[in-house]
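Heads up, the thing below is written out as structure tokens.
Each reported figure results from applying straightforward, stated rules to the coordinates on display, with no laboratory input. Model, not experiment: these values are computed from the prediction.
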Amino acid sequence: MAPRVEIRYCTQCRWLLRAGWTAQELLTTFGDTLGEVALVPQTGGVFAVYVDGELVFDRKAEGRFPEMKEVKQLVRNRVAPDMGLGHSDTPVKSKNSLAEAPLDEACPNE
């Protein structure tokens, strides 16, 4: 059975566009390797990515949003470990990263 990816996002924070973009990038990158990419609306500042029910990234735990190549690497490591990601295989930056930059997207409902 092909893997299922869930992107859980906060509707109160209006993170649907971020979740949709993440889904689009994963579908474009992995094509038929994925069986489904689901957007799961939630509340309370949630932005998390699951693969077959296993949490691979949680904004609250990490204190930041993921970089897209980081999400691709985390998903690839679970669904197609031998798949090359081209430029997305370079290490994820940790200093001065856009994903770590303070965002005006704090959820008032956390």
Return the sequence-ordered ³J(HN,Hα) values of the range 33-41 in whole Hz as given by the Karplus equation 6.51 cos²θ - 1.76 cosθ + 1.60 applied to θ = phi - 60°, using x for Gly and Pro.
5, 8, x, 6, 10, 10, 9, 10, x
Amide H partners (placed H, <5 Å) of residue 15, local residues excluded
10
Using modelled amide H (1.01 Å from N, peptide plane; none on Pro or chain starts), what sits under 5 Å from the amide H of residue 37, excluding residues fewer than 5 places away?
5
